[in-house]
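The values are calculated or read from the model by the stated rules, or taken from the named source; none is laboratory data. As the structure is a prediction and not an experimental result, all values here were calculated from the model. Neighbour counts run over all protein chains shown; Cβ positions are idealised from the backbone, glycine included.
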Amino acid sequence: MPINIVISETAARRLFANEDPIGKRLKRGPADSPAPWMTIVGIARDAKLKSADADPGNVMYISLAQSPPITLAIFARTAQDPASLAPQIVNTVHSVDPDQPVYRVVPMETVVSAAIGQRRFSAWLFVAFAVLALGLAAVGVYGLIAQSVAQRRREIGLRIALGADSSAVLRLIVRDALSLATAGIALGLGLSLMLTRLLATQLFNVSAYDPVVLLAVGPLLLIVAAGASYLPGRAASRLNPVVALQSD
């Protein structure tokens, strides 16, 4: 009996390039092997059958009537809670063959979660580290600007004594903080582009060179730097010039 098969898109592209594979024949092993020839009757979309981030590879599908498998996976689409269907699925299979073992009746959501669980954990870990780094950056900017204000008390006091208002002093402090932050952001983005190759191994269906993320990081860090420098700048704008000029 002739064997008809359906191959995956990747298999069609790799094995037949720009040719139409429909009607072509394949066989397992070398051409002179005793394995039967199989005729290609269709092309199926690629499916990730081994792991969520693995290459789909060359896949062929043979009907159950022509090649009964040792194990069989059945997928059922339902509008109700999939977990509630488990007993019904087992009973339905046993009504056809009571000796047929049925195991691992689980929702597809559970299967997908298990497949990408490690990637998801790594992603949340990266998010936690990113939030921690952002908090440390804010604390660092605040400490740096506060120290700078303390060292420039006489300068700031002199500016106020010469007529600078509080808003001008505040802008001066925030502008200096943003200048430092801009230089740090430029350096950080350059280093991040160099390290994305390592990060790419921990990502799933997400590009490590996402321009939206790269463009959003800069303004976000500038906002954090402006917020962290506001309190020291506010304190500087309220300095008493007499006290500031008399300090050591």
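Residue count for the stretch 133-169, restricted to those that are buried (at least 16 other Cβ atoms within 10 Å of the Cβ) and assigned to a helix (DSSP H, G or I): 15.
Considering only the stretch 17-28, state which residues are in a loop (DSSP other than H, G, I, E, B) and touching a Leu at 6+ places or on another chain (Cβ under 8 Å). Before the answer, list the steps.
Here is the first cut: in the stretch 17-28, the residues in a loop (DSSP other than H, G, I, E, B) are 17-24, 27-28.
If the condition is that a residue be in a loop (DSSP other than H, G, I, E, B) and touching a Leu at 6+ places or on another chain (Cβ under 8 Å), then Pro21 is the only one that fits.
State which residue pairs qualify: first residue outside the structural domain of Leu49 (by TED's automatic domain parsing) and inside the stretch 7-28, second residue modelled with pLDDT of 90 or more in any location, beta carbons under 7 Å apart, and separation of 6 or more residues or different chains. As it stands, the answer is none, since no pair meets every condition given. Summed over the stretch 1-49, the residues that are loosely packed, with under 11 Cβ neighbours inside 10 Å and touching a helix residue (DSSP H, G or I) at 6+ places or on another chain (Cβ under 7 Å) give a count of 1. Whenever a residue of the stretch 122-141 is over 15 Å from Val217 (Cα atoms) and in contact (Cβ under 8 Å) with a residue 24 or more places away in the chain, its partners that are of a type in the set (A, V, I, L, M) and part of a helix (DSSP H, G or I), lying with C-beta atoms within less than 7 angstrom and at least six residues away or across chains, give the pairs Val141/Ala177; Val141/Ala181; Val141/Ala225; Val141/Ala228.
Among the listed residues Ala79, Ala130, Ala52, identify the single one that is modelled with pLDDT of 80 or more and surrounded by 11 or more Cβ atoms within 10 Å (Cβ to Cβ). Show your work before the answer.
Working: Ala79 fails: surrounded by 11 or more Cβ atoms within 10 Å (Cβ to Cβ); Ala52 fails: modelled with pLDDT of 80 or more.
Going through Ala79, Ala130, Ala52 in turn, just one is modelled with pLDDT of 80 or more and surrounded by 11 or more Cβ atoms within 10 Å (Cβ to Cβ): Ala130.
In this entry, Phe75 is excluded by the filter for residues that are touching a strand residue (DSSP E or B) at 6+ places or on another chain (Cβ under 9 Å), of a type in the set (Phe, Trp, Tyr) and assigned by TED's automatic domain parsing to the domain that holds Val102. No other residue among Ala86, Ala114 is in a helix (DSSP H, G or I) and either touching a strand residue (DSSP E or B) at 6+ places or on another chain (Cβ under 8 Å) or modelled with pLDDT under 80 (or both) apart from Ala114. In the same structural domain as Ala123 (by TED's automatic domain parsing), over 18 Å from Gly135 (Cβ atoms) and modelled with pLDDT of 75 or more: does that describe Ala164? It is true that Ala164 is in the same structural domain as Ala123 (by TED's automatic domain parsing), over 18 Å from Gly135 (Cβ atoms) and modelled with pLDDT of 75 or more.
For the stretch 29-72, which residues satisfy the criterion of being touching an Asp or Glu at 6+ places or on another chain (Cβ under 8 Å), β-branched (Val, Ile, Thr) and assigned to a strand (DSSP E or B)? Break it down into steps so the answer makes sense when it comes.
Start the filter on the stretch 29-72 by keeping residues that are touching an Asp or Glu at 6+ places or on another chain (Cβ under 8 Å), which leaves 43-46, 56, 59.
Still in the list and also β-branched (Val, Ile, Thr): 43, 59.
Answer for the stretch 29-72, where residues must be touching an Asp or Glu at 6+ places or on another chain (Cβ under 8 Å), β-branched (Val, Ile, Thr) and assigned to a strand (DSSP E or B): just Ile43.
Per this entry, Pro107 is counted among residues that are over 22 Å from Thr10 (Cα atoms), surrounded by 11 or more Cβ atoms within 10 Å (Cβ to Cβ) and not β-branched (Val, Ile, Thr). Among (1) at pLDDT below 85; (2) aliphatic (A, V, I, L, M); (3) out of contact with any Asp or Glu (no Cβ under 8 Å at 6 or more places or on another chain), there is one condition Ile145 misses while meeting the rest; what is its number? With (1) at pLDDT below 85; (2) aliphatic (A, V, I, L, M); (3) out of contact with any Asp or Glu (no Cβ under 8 Å at 6 or more places or on another chain) applied to Ile145, the lone miss is (3).
Name the one entry in Val213, Val224, Val242 that is in a helix (DSSP H, G or I), under 27 Å from Tyr142 (Cα atoms) and modelled with pLDDT under 70. Talk me through it step by step, then tell me what you get.
Values: Val213 fails: modelled with pLDDT under 70; Val224 fails: modelled with pLDDT under 70.
Just a single option satisfies the conditions, and that option is Val242.
Evaluate the following for Ile43: is it under 30 Å from Thr110 (Cα atoms), among the β-branched types (Val, Ile, Thr) and out of contact with any Ser or Thr (no Cβ under 8 Å at 6 or more places or on another chain)? Talk me through it step by step, then tell me what you get.
Numbers: under 30 Å from Thr110 (Cα atoms): yes; among the β-branched types (Val, Ile, Thr): yes; out of contact with any Ser or Thr (no Cβ under 8 Å at 6 or more places or on another chain): no.
For Ile43, the condition - under 30 Å from Thr110 (Cα atoms), among the β-branched types (Val, Ile, Thr) and out of contact with any Ser or Thr (no Cβ under 8 Å at 6 or more places or on another chain) - is not met.
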